[in-house]
Amino acid sequence: MRKVLLSATALATAIASTLALANDKLVQLSQSEENWVMTGKNYNANNYSKATQINEKNVKQLRPAWTFSTGVLNGHEGTPLVVNGTMYIHSPFPNLTFALDLDNPTRIKWMDKPKQNAAARAVACCDVVNRGLAYWPGDGKVPPLIFKTQLDGHIVALDATTGAVHWKLENSDIRVGSTLTIAPYVVKDYVIVGSSGAELGVRGYLTAYDVKTGEQKWRAYATGPDDELRLAKDFNSANPHYGQFGLGLKTWEGDAWKIGGGTNWGWYAFDPGTNLIYFGSGNPAPWNETMRPGDNKWTMTIWGRNVDNGEAKFGYQKTPHDEWDYAGVNVMMLSEQTDKAGKKRKLLTHPDRNGIIYTLDRENGDLVSADKLDDTVNWVKSVDLKTGLPLRDPEFATRMDHNGRDICPSAMGYHNQGHDSYNPEKQTFFLGINHICMDWEPFMLPYRAGQFFVGATLNMYPGPKGDRQNYEGLGQIKAYNAITGEYKWDKMERFAVWGGTLATAGNLVFYGTLDGFIKARHADTGDLLWKFKLPSGVIGHPMTYTHKGTQYVAIFYGVGGWPGIGLVQDLEDPTAGLGAVGAFKKLANYTQMGGGIMVFSLDGKGPYDDLSLGEYASN
């Protein structure tokens, strides 16, 4: 028996060592400015680079260095990865993946072109986007892997060197309307994957798989019994007023939780110190609030889950009984700052679709601050920091006997899927913001598996600061301090800043616009320092990497997604596209469909400075 115990102990130690090693490798890679190994650059998800070769003094010298077309139209969300001299590029459906050698991007190293069920297109909520890839560095026995999701609900592990399929499995069932658009996320030897389809009544869940085999390690739902929610014994013990046990059933009428949404198609962050993964669950289903009385826990929730077993340490529901489709899957950015009381804290900052930017203590879920993303937010007067509850304005409710008018923000939120950035040196967040409001007309409808389950007709238009006559002024870019709650600067944009931002130690903030520009602003003042017109509009976020001594900035172009659905599908009814068509009726005047990546450097320095590169050499 003793021998068995010793073996078990040794095995546990070995496993722990392996897990730590895999985690350490990814952390080490993320610290190099030559790599961009995960969507947010690092586990803090701050989209921040220490590179300074491109800075506020010389950014006007940026020129294209090289480009690549994915050959796919539709919206290109997310950002490419760069690992050890190779760039990995993804596309929307049909979810192509490319590997390019940064020494010579002329020839494609490998391409994955999956065959998948085209029926997935019909149940995709808002264009056929995909938000990116994940990388696992290998362990000597299993090679480094690239993970991708497919719209038809599959997750695939590819050999990062050859592109060969290592394993593939179904995570989501498109027959009930569950697709996959999310970027997978690697922590230790797990690959984490969410789900989509709340607009079709899909019950949301998050799943961890073994990176090497695809074996399911745990799955946690957003609604339902406590054991399926995977609540830890001390769940919300630091904040019992958030709610604790039994509420995944009690806050729903009957079995409505089974078709109650709460899917997770956004972004993640991870703290090796707390061992918690942070993410948000989305909107309840249907959108019509009259059909689902109750708080509808635990949709619209910021979660902190133990990454090894999926158990939730805390859950904070931001919008109990959501009435506006304020799906709270937005980016989570981690920082360590001193609060107003002078206490150093590990924080999580989350700009939510409901127009509030929340900052929590990520060790226990304490609510530290909840500020409006813009002073035109009107559905809520404020958030009570003691209870965590929003103090609503009933004038902007959406119940069946009430016509909601000029509700701000719209269902698209004042912040949607954009992945934003945080400069730790300046303690400043840089936020891409929507500025869109709406009228809301609810209606009743039955649930039918695999069909849209919304129950509301929406008209959207620019917020009060925009030009409502000409449907422009739909977005903003802002610099925010989470401790003081102050905005250092803000600038209006013609359309929503949908994709997110990149911050660099070069005193710069980069972002793309729906009308097709990549822009650089001064981090301290917001002054516009440089811009370039891309072949199509942008709904992804920029990244930067250094290769052989040269710093590059890269960004996807390819308009689409929810704001571009009218342009992509040639729709004219202003209420079509869940209300987006009307709001973005002028977008087609400024850009058209496309799909690819553009890479910039100072004076356009790059691999093709060598004119022989890519040339055919005859015998």
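Data for the structure
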item	result
Residues being free of Cβ contacts under 8 Å to residues at least 40 places away in the same chain and either of a type in the set (Ser, Thr, Tyr) or within 18 Å of Thr149 (Cα to Cα) (or both) - total across the stretch 95-113	3
Tally of residues being open to solvent by 10 Å² or more (accessible area, probe 1.4 Å) and of a type in the set (S, T, N, Q) across the stretch 474-512	3
Inter-residue pairs, beta-carbon under 8 Å, first open to solvent by less than 10 Å² (accessible area, probe 1.4 Å) and in the stretch 164-191, second part of a loop (DSSP other than H, G, I, E, B) and among the charged types (D, E, K, R), 6+ apart	Thr179/Asp152; Leu180/Asp152; Ile182/Arg131; Ala183/Arg131
Residue that is least open to solvent (accessible area, probe 1.4 Å), among those in the stretch 357-390 that are within 22 Å of the chain's Cα centre (by Cα) and of a type in the set (Lys, Arg)	Arg362
Any hit, the stretch 93-104, residues being modelled with pLDDT under 95, among the charged types (D, E, K, R) and open to solvent by 10 Å² or more (accessible area, probe 1.4 Å)	no
Top-ranked residue in the stretch 335-349 [being touching a residue at least 60 places away in the same chain (Cβ under 8 Å) and in a loop (DSSP other than H, G, I, E, B); ranked as most open to solvent (accessible area, probe 1.4 Å)]	Lys340
Single unsatisfied condition, Thr86 versus (1) open to solvent by 40 Å² or more (accessible area, probe 1.4 Å); (2) in contact with a strand residue (DSSP E or B) (Cβ under 9 Å, 6 or more places away or on another chain); (3) more than 18 Å from Lys168 (Cα to Cα)	(1)
Filter result (more than 30 Å from Ala122 (Cβ to Cβ) and either open to solvent by 10 Å² or more (accessible area, probe 1.4 Å) or assigned to a loop (DSSP other than H, G, I, E, B) (or both)) within the stretch 138-154	Gly138, Asp139, Gly140, Lys141, Val142, Pro143, Pro144
Matching residues, the stretch 325-334, being of a type outside the set (Val, Ile, Thr) and surrounded by 24 or more Cβ atoms within 10 Å (Cβ to Cβ)	Asp325, Tyr326, Ala327, Gly328, Asn330, Met332, Met333
Residue list for the stretch 108-137, restricted to those being more than 18 Å from Gly595 (Cα to Cα), open to solvent by 50 Å² or more (accessible area, probe 1.4 Å) and part of a strand (DSSP E or B)	Lys109
Residue list for the stretch 32-61, filter: under 22 Å from Glu336 (Cα atoms) and over 21 Å from the mean Cα position of the chain (by Cα)	Ser32, Glu33, Lys50, Ala51
Those strands (runs of 3 or more DSSP E) lying entirely in the stretch 502-578 with at least 3 residues in contact (Cβ under 8 Å) with a residue 40 or more places away in the chain and either closer than 18 Å to Gly475 by Cα or touching a helix residue (DSSP H, G or I) at 6+ places or on another chain (Cβ under 7 Å) (or both)	508-512, 517-522
Options Asp308, Asp322: the member that is of a type in the set (D, E, K, R), assigned to a loop (DSSP other than H, G, I, E, B) and without any contact (Cβ under 8 Å) to a residue 40 or more places away in the chain	Asp322
Some residue of the stretch 261-276 being of a type in the set (Ser, Thr, Tyr), open to solvent by 10 Å² or more (accessible area, probe 1.4 Å), under 24 Å from Ser382 (Cα atoms) and in contact (Cβ under 8 Å) with a residue 60 or more places away in the chain	no
Residues satisfying the stated conditions in the stretch 356-385, i.e. under 28 Å from Gly404 (Cα atoms), part of a loop (DSSP other than H, G, I, E, B) and out of contact with any Asp or Glu (no Cβ under 7 Å at 6 or more places or on another chain)	Leu373, Asp374, Asp375, Thr376, Val377, Asp384, Leu385
Qualifying positions in the stretch 579-605 - part of a loop (DSSP other than H, G, I, E, B) and in contact with a His (Cβ under 9 Å, 6 or more places away or on another chain)	Gly594, Gly595
Any hit, the stretch 57-77, residues being open to solvent by 10 Å² or more (accessible area, probe 1.4 Å), farther than 25 Å from Gly561 by Cβ and among the β-branched types (Val, Ile, Thr)	no
Residues located in the stretch 192-201, provided they are in a helix (DSSP H, G or I) and open to solvent by less than 10 Å² (accessible area, probe 1.4 Å)	Ala198, Leu200
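Here is a yes/no grid of residues against (1) of a type in the set (A, V, I, L, M); (2) in contact with a Gly (Cβ under 7 Å, 6 or more places away or on another chain); (3) under 29 Å from Tyr447 (Cβ atoms); (4) assigned to a loop (DSSP other than H, G, I, E, B):
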residue: Arg203; (1), (2), (3), (4): no, yes, yes, yes
residue: Gly214; (1), (2), (3), (4): no, no, no, yes
residue: Trp218; (1), (2), (3), (4): no, yes, yes, no
residue: Gly224; (1), (2), (3), (4): no, yes, yes, yes
residue: Gly248; (1), (2), (3), (4): no, yes, yes, no
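Residue-by-condition table, conditions (1) modelled with pLDDT under 95; (2) among the charged types (D, E, K, R); (3) open to solvent by 10 Å² or more (accessible area, probe 1.4 Å):
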position	(1), (2), (3)
Leu514	no, no, no
Lys531	no, yes, yes
Leu567	no, no, yes
Ala583	no, no, no
Leu602	no, no, yes
Lys605	no, yes, yes
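The values are calculated or read from the model by the stated rules, or taken from the named source; none is laboratory data. These numbers were taken from a predicted model, which means no experiment stands behind them. Ideal geometry is used to build each Cβ from the backbone, glycine not excepted, and the neighbour counts take in all protein chains shown. SASA here: full protein model, heavy atoms, side chains in, ligands and nucleic acids out. Shrake-Rupley method; radii C 1.70, N 1.55, O 1.52, S 1.80 Å.
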